[in-house]
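K.L.:
Submitted below is the structure of interest, expressed as structure tokens.
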Amino acid sequence: MKTENVAKVTLKKSVDLKGAVMVIVGCQVGSGIFVSPKGVLEYTNSPGLCLIVWALGGLLAGLGSMVYAELACVIPKSGGEFAFMYHGLPRGKFPAYLFAFTGATILKTATLGIIAITFGDYAMKFMSPSFCQYSDNYETAQKLWAILAISTAAALNIVSIEWTQKSVKESSLIVFLWLVLSDLPKALMISIVSVISFYVCVNISYLTVLGPIGLLESEAVGAAFANRIYPGLDRAISFMVMLSTFGAIVIASFTAARGPFVAAREGMFPKILAMINVDKKSPSPSVLFTAAITIFLIVIGNFTLLSLS
């Protein structure tokens, strides 16, 4: 092992306000707005209340982001919630371990699986709309696309970590660590206001074009919306959603792997997960571990089960 090169395995600490806003907005917009409107409307059973829920959810997320910003100011260490619990709570080692274990096996991996399944759904609608309507193997094909997306994102995060950093403008975790004393609060405010406005406006558009009944009957709301406006445009929208969700998968895979890596570094997970690929500057074992757990959840579950996780 070349110990003299270990100290050089670092990420470039360079994120400006624009990059921070792009990453935070990209993480949030990833896939939810293309599938969640149906569920929110179904449970609220009211278009007006549905819009209020979206706005209140955004405000709640904004308050939570400010809490994270303050915690990052007090505990400027890598690991996100793990670091906050480990260093910020009395006897925080045990709750930090519980969070790391839950995040690695269910919480973060299930979230990643949901985004991947959304990618698979829109990939099928882009590649073969007729197959989606008439085939009994649609769910299997959807999962295969999801597994392909997870595997590709993991490969990118292992083989070319520098490409990943450039493509996502650094992960949201790194944004928190390196913008704490400068642009972080401003980036959070701009991002939260932008996302709330975008989500509310998109839902108004869905309800106006599709109507409440049409929205509830749509399996892929974004594609149905585009097809209603201009027949044939649904495939173009599906491709755009694929790009959006794949970007979110790369970011989520990039950040989710840091949890097991930091926990292993503290001696809570197997030591192999704390190993770093010196040449590629990536925690390869942790990335593979996260991808394997996510693929397992995709294979045994479905969108509803992963959402409940």
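The numbers here are math on the coordinates, done by the rules we state, and not lab data. Just so we're clear, the structure is a prediction, and the values are computed from it rather than from any experiment. Cβ atoms come from the backbone with ideal geometry, glycine included; neighbour counts cover every protein chain shown.
K.L.:
Out of the residues in the range 106-128 meeting the condition of being surrounded by fewer than 21 Cβ atoms within 10 Å (Cβ to Cβ) and without any contact (Cβ under 8 Å) to a residue 40 or more places away in the chain, tell me which one is farthest from Val262 (Cα to Cα).
P.N.:
If we take residues in the range 106-128 being surrounded by fewer than 21 Cβ atoms within 10 Å (Cβ to Cβ) and without any contact (Cβ under 8 Å) to a residue 40 or more places away in the chain, then Ser128 is farthest from Val262 (Cα to Cα).
K.L.:
So which helices (runs of 4 or more DSSP H) are wholly in the range 23-105 and hold at least 3 residues that are among the aromatic types (Phe, Trp, Tyr) and surrounded by 14 or more Cβ atoms within 10 Å (Cβ to Cβ)?
P.N.:
Here the list reads 81-88, 93-102.
K.L.:
Follow-up. Tally time: how many residues in the range 73-105 are over 18 Å from Ala274 (Cα atoms) and in contact (Cβ under 8 Å) with a residue 24 or more places away in the chain?
P.N.:
Of the residues in the range 73-105, 2 are over 18 Å from Ala274 (Cα atoms) and in contact (Cβ under 8 Å) with a residue 24 or more places away in the chain.
K.L.:
Something else now. Can Thr140 be described as of a type in the set (Ser, Thr, Tyr) and buried (at least 20 other Cβ atoms within 10 Å of the Cβ)?
P.N.:
Answer is no for this residue.
K.L.:
Okay, next question. Among the numbered criteria (1) over 30 Å from Met66 (Cα atoms); (2) among the hydroxyl-bearing types (Ser, Thr, Tyr); (3) touching a Phe, Trp or Tyr at 6+ places or on another chain (Cβ under 7 Å), which single criterion is violated by Ser218?
P.N.:
(3)
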